[in-house]
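**Q** Here it is, the structure in full.
Computed from the coordinates by the stated procedures, all read-outs in this text should not be read as laboratory data. These figures come from a predicted structure and were not determined experimentally. We place every Cβ from the backbone using ideal geometry, glycine too, and count neighbours over all the protein chains shown.
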Amino acid sequence: MAEIPFASAARLAGEIRDGERSPVTVVDAYLERIAARNDLTNAYVTVIEKDARERAREIEAAIDRGEDPGPLAGVPVALKDLFGFKAGVPATMGSAAVGEFIPEESAVATERLEAAGAIVLGTTNAPEFGHKLVTENPLHGRTGTPFDPERTSGGSSGGSAAAVADGLAAFAQGSDTGGSIRIPAACCGVYGIKPSFGRVPNALRPDAFGMATPFSSTGPLARTVEDAALALDVFSGPHPSDPHSLPASDTSYRAATERSTDELSVAYSPDLGLFDVAERVRDVLDDATEDLVGVVETVEQTDPPYEGSLSDLRYAFTQQTTVLFAALVDGLEADGKIDEGDREKLMSSTATLVSIGEDSDALGYKRADRPRTAFYDAVESVFADHDLLVSATAAVPPFAHGRDGPAEIDGESVANPVVDWCLTWPFNLTGHPVASIPAGFVDGLPVGLQIVGRRHAEETVLAASAALERVRPWQDAYPPGE
């Protein structure tokens, strides 16, 4: 059964649906690997063995009766321990202040996964409320990349990315407010896509509008582009509880992975004209982009014509995220998930963000939309001439635990080590669909290439990603272990 945990979700679903493979056997193989290897990376915080095995038996019985188990028939998946709720399964959000509560209802994405035949194995580690770009919290500890568990898996969907990379889930659900799908994808050598805002609906309460500033999206992390597209087909589509949810796509995302990319024009900006990117990372990106030249019509090196500074753009992001986290904690208190007096249990970094957000004024909050608009316009001007924009996902390879980011890049001081090593969060300000695809390695550590598409053009992002994957495959690069 050693090959099962690294088989693609698409292959597993097909074999289970056709009766060639038992979903019970598949689930057992994953649970055995989790038991043997989860201590290595600390990817999972909760594993629901009994529920997963029962679900596998139900799917096997349905297939024996001749019933259609769905497009994800028997595929084992993982959910992020943030808002990826499954009814009846403990949720902590990585916070000692929350501790644990038992959701009575599943998230929309979870409902759709299970309706499609997927089997939930458990929930994965995340920083408290997803507020960091590395995955650590006092409740569950740190999550490392399988390529070197002493180094970060990225954040905030670090547990999901590590689980997928180490063969502990066929694919996993993540969420992305500042790069929280793409950064872990880069650090763990997997594929992750942040869809357009509203593509995957949320049914959050008491604030159904809370994820609009900055744009936060749910999406998949997978070992193949096809698997991510298959997951996105299941995740997406409108929902009455989400006022931002988008209409369903006219075409299948999985089918988009087979589209021709011969006529696509790509703008290549390794640093977006704003960030310091390590030379060794640039070398990997340049090499990957040379292969991209062979599958698209043109690749032109050009930066978005943004006239502001990185500081201006960071101001916009931090203004809006601090208010977001302050409102989130306020809502959790109002909802009874954080009891009176439990704020002292918040991580100091969370408490600082919340305090800043609470002190913000409405005018200052809206001022942040000015540099946000300027960067949006700059990106749109690139798309006047090109179909895609590609850059580094992260400026450095995964670094050692114990810090939020690098203090220096190639000897130059980093102004804000918490966020300035990630080229992801500007696209949470604009809302464009964007993916991180494995580009190669630096000293055995994975590097991600970020692929940005026009508004609502996930199909183009997936098509280009799949084309690059075909000429630059990475599936055999994962550390299989025992």
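**Q** Can you name every residue in the stretch 448-460 that is over 15 Å from the mean Cα position of the chain (by Cα) and of a type outside the set (Asp, Glu)? Break it down stepwise before answering.
**A** Of the residues in the stretch 448-460, the ones over 15 Å from the mean Cα position of the chain (by Cα) are 453-457, 459-460.
If the condition is that a residue be over 15 Å from the mean Cα position of the chain (by Cα) and of a type outside the set (Asp, Glu), then GLY453, ARG454, ARG455, HIS456, ALA457, THR460 are the ones that fit.
**Q** Got a sec? Which of GLU333, GLU307 is more than 30 Å from GLU408 (Cβ to Cβ) and either out of contact with any Gly (no Cβ under 8 Å at 6 or more places or on another chain) or of a type outside the set (Phe, Trp, Tyr) (or both)?
**A** Values: GLU307 fails: more than 30 Å from GLU408 (Cβ to Cβ).
The unique qualifying residue is GLU333.
**Q** I would also like to ask the following. So which residues in the stretch 356-393 are touching a residue at least 24 places away in the same chain (Cβ under 8 Å) and closer than 24 Å to PHE129 by Cβ?
**A** Across the stretch 356-393, the qualifying residues are ILE356, GLY357, GLU358, SER360, GLY364, TYR365, ALA368, ASP369, ARG372, THR393.
**Q** Taking the stated definitions as given, is LEU332 under 24 Å from the mean Cα position of the chain (by Cα) and on the phi < 0 side of the Ramachandran plot?
**A** The answer is yes for LEU332.
**Q** If only one of GLU15, GLU60, GLU20 is farther than 30 Å from PHE129 by Cα, without any contact (Cβ under 8 Å) to a residue 24 or more places away in the chain and part of a helix (DSSP H, G or I), which one is it? Before the answer, list the steps.
**A** Values: GLU60 fails: without any contact (Cβ under 8 Å) to a residue 24 or more places away in the chain; GLU20 fails: part of a helix (DSSP H, G or I).
None of the other options fit; the residue is GLU15.
The rows are residues; the columns are (1) surrounded by fewer than 16 Cβ atoms within 10 Å (Cβ to Cβ); (2) over 21 Å from VAL77 (Cα atoms); (3) among the basic types (Lys, Arg).
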| position | (1), (2), (3) |
| --- | --- |
| GLY219 | no, no, no |
| GLU226 | no, no, no |
| GLY237 | no, no, no |
| PRO243 | yes, yes, no |
| ASP271 | no, yes, no |
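**Q** Would you check which residues across the stretch 354-399 are aromatic (Phe, Trp, Tyr) and farther than 20 Å from THR460 by Cβ and list them?
**A** Residues of the stretch 354-399 aromatic (Phe, Trp, Tyr): 365, 375-376, 383, 399.
Those that are aromatic (Phe, Trp, Tyr) and farther than 20 Å from THR460 by Cβ: TYR365, PHE375, PHE399.
**Q** I'm trying to understand the selection: among the residues of the stretch 264-315, which are among the acidic types (Asp, Glu) and not in a loop (DSSP other than H, G, I, E, B)? Reasoning before the result, please.
**A** Applying the first criterion (among the acidic types (Asp, Glu)) to the stretch 264-315 yields 271, 276, 279, 283, 286-287, 290-291, 297, 300, 303, 307, 312.
Result: GLU279, ASP283, ASP286, ASP287, GLU290, ASP291, GLU300, ASP312.
**Q** So which of SER156, SER160 ends up being part of a loop (DSSP other than H, G, I, E, B) and surrounded by 24 or more Cβ atoms within 10 Å (Cβ to Cβ)?
**A** Working: SER160 fails: part of a loop (DSSP other than H, G, I, E, B).
Sole residue among the options that is part of a loop (DSSP other than H, G, I, E, B) and surrounded by 24 or more Cβ atoms within 10 Å (Cβ to Cβ): SER156.
**Q** Also, I was wondering about something else. Report yes if some residue within the stretch 41-52 is in a helix (DSSP H, G or I) and more than 25 Å from ARG223 (Cα to Cα); otherwise report no. Outline the logic, then answer.
**A** Kept after step one, since they are in a helix (DSSP H, G or I), are these residues of the stretch 41-52: 41, 49-52.
Filter again for more than 25 Å from ARG223 (Cα to Cα), leaving 50.
Yes, the stretch 41-52 contains at least one residue that is in a helix (DSSP H, G or I) and more than 25 Å from ARG223 (Cα to Cα).
**Q** Give the residues of the stretch 323-348 that are touching a residue at least 60 places away in the same chain (Cβ under 8 Å), part of a helix (DSSP H, G or I) and not acidic (Asp, Glu), sorted by residue number.
**A** VAL323, LEU324, PHE325, ALA327, LEU328, VAL329, GLY331, LEU332, ALA334, ARG343, LYS345
**Q** Quick check: is even one residue across the stretch 193-208 surrounded by fewer than 24 Cβ atoms within 10 Å (Cβ to Cβ) and in contact with a strand residue (DSSP E or B) (Cβ under 6 Å, 6 or more places away or on another chain)?
**A** Yes, because at least one residue in the stretch 193-208 is surrounded by fewer than 24 Cβ atoms within 10 Å (Cβ to Cβ) and in contact with a strand residue (DSSP E or B) (Cβ under 6 Å, 6 or more places away or on another chain).
**Q** Go through (1) in a strand (DSSP E or B); (2) in contact with a helix residue (DSSP H, G or I) (Cβ under 8 Å, 6 or more places away or on another chain); (3) farther than 24 Å from PRO473 by Cβ for ALA172 and report which single condition fails.
**A** Against the list (1) in a strand (DSSP E or B); (2) in contact with a helix residue (DSSP H, G or I) (Cβ under 8 Å, 6 or more places away or on another chain); (3) farther than 24 Å from PRO473 by Cβ, ALA172 comes up short only on (3).
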